[in-house]
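Here's the structure we're looking at; comments come further down.
The values are calculated or read from the model by the stated rules, or taken from the named source; none is laboratory data. Every value quoted in this text rests on a predicted model; they were computed, and no experiment measured them. All Cβ positions, even for glycine, are placed from backbone atoms using ideal geometry, and neighbour counts span all protein chains on display. Ligands, DNA and RNA are stripped out before the accessible areas are found, and what is left, the full protein with its side chains, is counted by its heavy atoms. Shrake-Rupley method; radii C 1.70, N 1.55, O 1.52, S 1.80 Å.
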Amino acid sequence: MDQVSNDPTHPGTRSGFVALAGRPNVGKSTLANAIVGAKVAITSDKPQTTRRAIRGVATGPDWQLVLVDLPGVQRPRDVLTERMQRRVQHELADADACLMVLNAEQGLGPGDRFIASLLKGTPVPVIVAVNKVDRTDRARTAAVLHAAAELDLAQEIVPVSARTGAGVPTLLKQLVELLPEGPFYYARDQRSDQTEAAVLAELVREQVLARTREEVPHAVEVEIESIEQAREGLVGIDAVILVETESQKGILIGSGGRMVKAIGVAARRAIERELGSHVHLRLSVRVRRHWRADERLLDRLGIE
């Protein structure tokens with residue numbers, strides 16, 4: 001049997017884009033990280049964590065899968081969500097396959113059926129992953145698998161746990177089989193297409209999401225103003241947390257500055273793990289009223 005060359009330009013290599021779709025908070029970002037084998041998307045128990053179409057890259061000996069972690073599909077309510085929805089439609093149109101994620105713990109709901117109706121209009125093959133099977137029993141999982149089959153949407157339905165990794169290799173194998181022949185799009189060791197500033201901003205925002213609730217998580221964005229090599233082994237970073245109201249700013253600063261300090265300490269540790277270097281993080285909080293409707297700011301933040 002002929003061996004397939006490891007040369008990424010070899011005609012025997014497979015490569016393509018897989019759009020990751022699902023309603024907010026079904027575990028898409030955690031699953032994207034599990035498939036890629038590295039952290040390419042922040043995770044949170046808050047819906048609408050993902051705002052950008054983040055590309056995670058998984059590469060094997062003769063295949064490369066570019067996984068596009070789409071924003072959670074919902075009906076647009078402001079300029080920010082309108083942009084997110086446009087990005088969803090754009091990425092679906094350019095994809096070679098689609099992976100729809102369901103939540104085994106919560107079962108199928110109207111939001112899942114709404115997304116399934118959107119995907120039925122796409123010409124690309126669809127695989128359904130029933131995620132979070134580690135959080136429920138076999139009977140519940142079986143019921144959700146049956147409901148997924150009744151959507152009459154997917155070529156394959158795979159039970160997985162993004163958290164434990166159970167079922168992920170099977171899912172990855174199914175996805176790779178859907179990829180067309182073609183050259184690699186990214187270097188073998190590349191795991192994401194995000195800029196360094198975007199990655200670092202998301203790591204800061206992840207710590208904000210972990211410590212806030214109600215309207216605050218949705219009103220927050222983070223902008224990296226500067227990254228500099230202060231000296232060998234030390235990186236200096238200036239980051240701004242943007243909020244929409246003075247009351248939100250007060251919540252994030254906290255009594256005696258304790259909240260922003262806790263966010264900064266946790267974010268610095270996460271950034272140090274990402275960069276493999278000591279970090280001096282200078283973090284501030286700034287009010288930018290109605291930033292979610294500010295087209296110029298959204299452009300600058302890379303939210304298309």
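What the table shows:
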| quantity | calculated |
| --- | --- |
| Matching residues in segment 104-115 - criterion: being open to solvent by 10 Å² or more (accessible area, probe 1.4 Å) and touching a helix residue (DSSP H, G or I) at 6+ places or on another chain (Cβ under 8 Å) | GLU105, LEU108 |
| Residue count for segment 191-238, restricted to those that are polar (S, T, N, Q) and modelled with pLDDT of 85 or more | 4 |
| Hits in segment 162-217 (condition: touching a residue at least 60 places away in the same chain (Cβ under 8 Å), assigned to a helix (DSSP H, G or I) and open to solvent by 50 Å² or more (accessible area, probe 1.4 Å)) | ALA210 |
| Scan of segment 128-141 for residues that are in a helix (DSSP H, G or I) and surrounded by 14 or more Cβ atoms within 10 Å (Cβ to Cβ), ordered by number | VAL133, ASP134, ARG135, ARG140, THR141 |
| Filter result (among the charged types (D, E, K, R) and under 24 Å from the mean Cα position of the chain (by Cα)) within segment 197-237 | GLU202, ARG205, GLU206, ARG211, ARG213, GLU214, GLU215, GLU221, GLU223, GLU225 |
| Output for segment 158-186, where each listed residue is in contact with a helix residue (DSSP H, G or I) (Cβ under 9 Å, 6 or more places away or on another chain) and under 14 Å from ALA97 (Cα atoms) | LEU171, LEU172, LEU175 |
| Top-ranked residue in segment 1-55 [being hydroxyl-bearing (Ser, Thr, Tyr) and open to solvent by 30 Å² or more (accessible area, probe 1.4 Å); ranked as modelled with the lowest pLDDT] | SER5 |
| Odd one out for LEU118, checked against (1) open to solvent by 40 Å² or more (accessible area, probe 1.4 Å); (2) modelled with pLDDT of 90 or more; (3) of a type in the set (A, V, I, L, M) | (2) |
| Only one of VAL124, VAL130 that is at pLDDT 95 or above, under 22 Å from ILE35 (Cα atoms) and touching a Leu at 6+ places or on another chain (Cβ under 9 Å) | VAL130 |
